[in-house]
Amino acid sequence: MPILVTSPSRELHSHNMDMDDKRRKQTKGSDLKSRLQRRSSQSPNTERLSPEEIILWSQSLERLLASKYGMTTFQAFLKSEFSDENIEFWLICEDYKKIKSSFRLSSRTKKIYKTYIEAEAPKEINIDHKTRDLIRRNVKTPTTVCFDEAQRIVYRLMEKDSYPRFLRSNIYRTLLDSASDYIKV
C-alpha cells in the first residue's frame, strides 16, 4: 500500500498560511478602528459617523436602518453572512411604494416578484405560502401596497434574527469599541 509522504517545506508553507490567516483576523478589527479614527479626524465639514450614532444603533433595528452609515454597515454584515436578500427586499419595497407611474409600477412589480417572491427565485425571501399566494394574486393588478405583508414579515425576521446577530458581531463590536475610545479621549 502506498504511503503519502509530505515534505517539510509543504508543512511549513501550510503553517505559514495558517499564521497569516490568524494575523489577518486579529488585525482586521484594529484596521477598522484606525480607519474610523482617521475618518473622525478629517475636516469638520465632511459628514462622518459619530460615536453617539453607533451607540444609538443598538436601541432598535429602526434606528439602525434610519442611519445612512448604520444601513451600510448592516448591509455589509448581512452580505458577509450571505443573507442580504432580506435587507435588499425591504429597501426595494421602500422605493417601490414611492412609484407614481402605473407602467413603472407594473414592470417593477414583475421584477420584484421574479427576484424575491417566486418559488426558486434567485434571491427568494423566507415567507409563508399564504403570503406568497396573496402576493401572486396582488401582482395581477399591482398597487403600491402589494408587497406590504411580505415586507412586514421580512422586517420581523431581521429584527428577531439578523439584528441581534449584528449587535453581537465583530463588525459592530469593533465600531462600538472605537466609539467608546473616541468618547474617552
Among residues belonging to the range 156-180 that are open to solvent by 50 Å² or more (accessible area, probe 1.4 Å) and modelled with pLDDT of 95 or more, point out the one that is farthest from residue 102 (Cα to Cα). 168
Considering only residues that are over 14 Å from residue 146 (Cβ atoms) and either over 23 Å from the mean Cα position of the chain (by Cα) or surrounded by 18 or more Cβ atoms within 10 Å (Cβ to Cβ) (or both), which ones fall in the range 85-103? 85, 86, 87, 90, 100, 101, 103
Looking only at the range 104-151, which residues are touching a residue at least 24 places away in the same chain (Cβ under 8 Å), loosely packed, with under 13 Cβ neighbours inside 10 Å and acidic (Asp, Glu)? 128
Enumeration of residues in the range 72-84 that are in a helix (DSSP H, G or I), touching a Ser or Thr at 6+ places or on another chain (Cβ under 9 Å) and open to solvent by 20 Å² or more (accessible area, probe 1.4 Å): 73, 80
Hey, can you tell me all the residues within the range 86-128 that are in a loop (DSSP other than H, G, I, E, B) and touching a Phe, Trp or Tyr at 6+ places or on another chain (Cβ under 7 Å)? 123, 124, 125
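The values are calculated or read from the model by the stated rules, or taken from the named source; none is laboratory data. Keep in mind that this is a model prediction, so the values were computed, not measured. No Cβ is skipped: glycine too gets one built from the backbone with ideal geometry, and neighbour counts run over all protein chains shown. When the accessible area is computed, the model is the full protein with side chains, heavy atoms only, and any ligands, DNA or RNA have been set aside. Shrake-Rupley method; radii C 1.70, N 1.55, O 1.52, S 1.80 Å.
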